[in-house]
1. With respect to Glu447, is the statement that it is open to solvent by 60 Å² or more (accessible area, probe 1.4 Å), over 18 Å from Arg311 (Cα atoms) and either of a type in the set (D, E, K, R) or modelled with pLDDT under 95 (or both) true?
2. Tell me, please, whether a residue that is among the charged types (D, E, K, R) and either closer than 30 Å to Ala179 by Cα or in a strand (DSSP E or B) (or both) can be found in the range 94-110.
3. Out of Val107, Val151, Val140, Val100, I need the residue that is under 24 Å from Arg36 (Cβ atoms), among the aliphatic types (A, V, I, L, M) and touching a residue at least 40 places away in the same chain (Cβ under 8 Å). Which one?
4. Looking at (1) open to solvent by less than 70 Å² (accessible area, probe 1.4 Å); (2) within 28 Å of Gly128 (Cα to Cα); (3) at pLDDT 90 or above, which is the only condition Ile5 fails?
5. Has the range 18-28 got at least one residue that is assigned to a strand (DSSP E or B), modelled with pLDDT under 95, over 37 Å from the mean Cα position of the chain (by Cα) and not polar (S, T, N, Q)?
6. Which of the residues that make up the range 417-444 are closer than 17 Å to Val376 by Cβ and not charged (D, E, K, R)?
7. Filter the range 445-484 down to residues that are within 22 Å of Tyr380 (Cα to Cα) and not in a helix (DSSP H, G or I), then give me how many there are.
8. Looking at this structure, is Glu208 within 27 Å of Asp326 (Cα to Cα) and not in a helix (DSSP H, G or I)?
Amino acid sequence: MALEIEDKFDVPEGFALPDLGGLPGCEGVAEPLSHRLTAVYFDTPDLRLAARGVTLRRRRGGDDEGWHLKLPKTKGARQEIARPLTRGAKVVPAELASLVLAYTRGVPLAPVAQLETRRGVTRLLGPGDTVLVEIADDRVKGTVLGDELVVRRWREVEAELKEGDRDLLKKVAKRLRKAGAAPADSASKLARVLGDRIPAPRPVTRPEPGSAGEVVAAYLRAHAAALLARDPHVRLAEEDAVHKARVSCRRLRSALKAFKRIVAGTEELREELRWLGEVLGEARDLEVIRARFAARLDALDPRFVTEDARRRLGDDLRAREHDAYDRIRAALGGERYLALLDALDALAADPPLTATAAENADKALPKIVDKAWRRVTDAYDAARRMEEGEERETAMHEVRKAAKRARYTAEAAGMPGHAERAEQVQEVLGRHQDGVVAQGVLLEEAERARQAGEDTFTYGVLAGIESAEAARAHEEFPAVWSHLPHPA
């Protein structure tokens, strides 16, 4: 996997590459190289990947031949996933097909276009002949496959950052523009050859500007898109991907519940988001607790740590985490998940807005945010009336959950001060809850160790640390509560 950071340019047939030497940090220009590339692009018959800015190809030739999956661009870069060539030229490898399932929704993939490229490569070198920027001068013959072949020819230039910073890429782009290059009209070669065959984006219902419906609908669209974008990264078990996808689920579910007077009839969708959050939650919780115990063990005097305890709290939890990821992939490959994505697409395009959605956002939304905060204060008032013990701990957990919902509601409404106040409550009570959960896991692992005849001393030491951490957060909370800001 790699991040692809590049600028693309349209150039006339008689274009000549300018002198690219002498740029800051560049120590020379390598001898030019030439390649002949043949790439076959795969998509559904209705071009669902191209419509989402995803490309999947099998390319021969050059120094990086193989299967390439390029995901939609974010923050000026695209993530490219490369796999070796397979014998089958017309069948997409199962792994790559699964990585685009959220976009294809199970529709089979087939060749839709072929590109034949004569490429000249100019490389700008840094210290130790490190390649800083690679400029590809491409003469392309693109063929749209199908019942009636359509052929297009053009020339383009790509400048791709390999090492260093983006300032160098900007300086290269400036010289190319001075020589007659123009920013490319198409995001990719595939988009250029397919042209207007790529489906237009689904029409979106736009509520009145400044209305509560406009704010809420935009928030729902953003997080529905974020959840979809996380899908391939979750399947690859990338760092933090499950956490981010789970947060998107929670934000969507919380917003649909908090703003039910603005967006109606979403009970079933909220339940499906709850289900997906639980599917993602198992692996995420194991990931967090394993990292937590690793840090605790590293900080302990080695005399207090047995190898059996380190194994159980490390490798054994990692194995359980891998099993949880297998269950995630199974769920993401099922009809229930694909139906949920369809429902989110429909919600983003045409949310079922109520008459209240037409009200002014500055009047309607603060009332909902205030109501969410009152739930936090009511929950804390109820908890304070209870005696210390398990019942009160459960009640404080409800305070934390209410604070999380209040935070998401305030963020959706664009009220950062209110969101920050709720986040402070969530953070302190979260430390308490994390300590409680960690103690529960330690008790389970200690019991397994005991039954296996292993020394359980290390678990006791860690349980004491977690108990103290939870108690400390519990004791801090009244002071935090009394000093919470009162945003305007």
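The values are calculated or read from the model by the stated rules, or taken from the named source; none is laboratory data. Quick caveat: nothing in here was measured; it's all calculated off a predicted structure. Cβ sites come from the backbone with ideal geometry, for glycine too, and all protein chains shown count toward neighbours. Please note that ligands, DNA and RNA were not included when accessible areas were found on the heavy atoms of the full protein model with its side chains. Shrake-Rupley method; radii C 1.70, N 1.55, O 1.52, S 1.80 Å.
1. Answer is no for this residue.
2. no
3. Working: Val107 fails: under 24 Å from Arg36 (Cβ atoms); Val151 fails: touching a residue at least 40 places away in the same chain (Cβ under 8 Å); Val100 fails: under 24 Å from Arg36 (Cβ atoms).
None of the others qualify; the one that does is Val140.
4. Failed condition: (3).
5. Keep residues of the range 18-28 that are assigned to a strand (DSSP E or B), which gives 28.
Retained after the next criterion (residues that are modelled with pLDDT under 95): 28.
Within this subset, residues satisfying the condition of being over 37 Å from the mean Cα position of the chain (by Cα) are 28.
Imposing the further condition that a residue be not polar (S, T, N, Q) reduces the set to 28.
There is at least one residue in the range 18-28 that is assigned to a strand (DSSP E or B), modelled with pLDDT under 95, over 37 Å from the mean Cα position of the chain (by Cα) and not polar (S, T, N, Q).
6. Those that are closer than 17 Å to Val376 by Cβ and not charged (D, E, K, R): Gly417, His418, Ala419, Ala422, Gln424, Val425, Gln426, Val428, Leu429, Gly430, His432, Gln433.
7. 2
8. no
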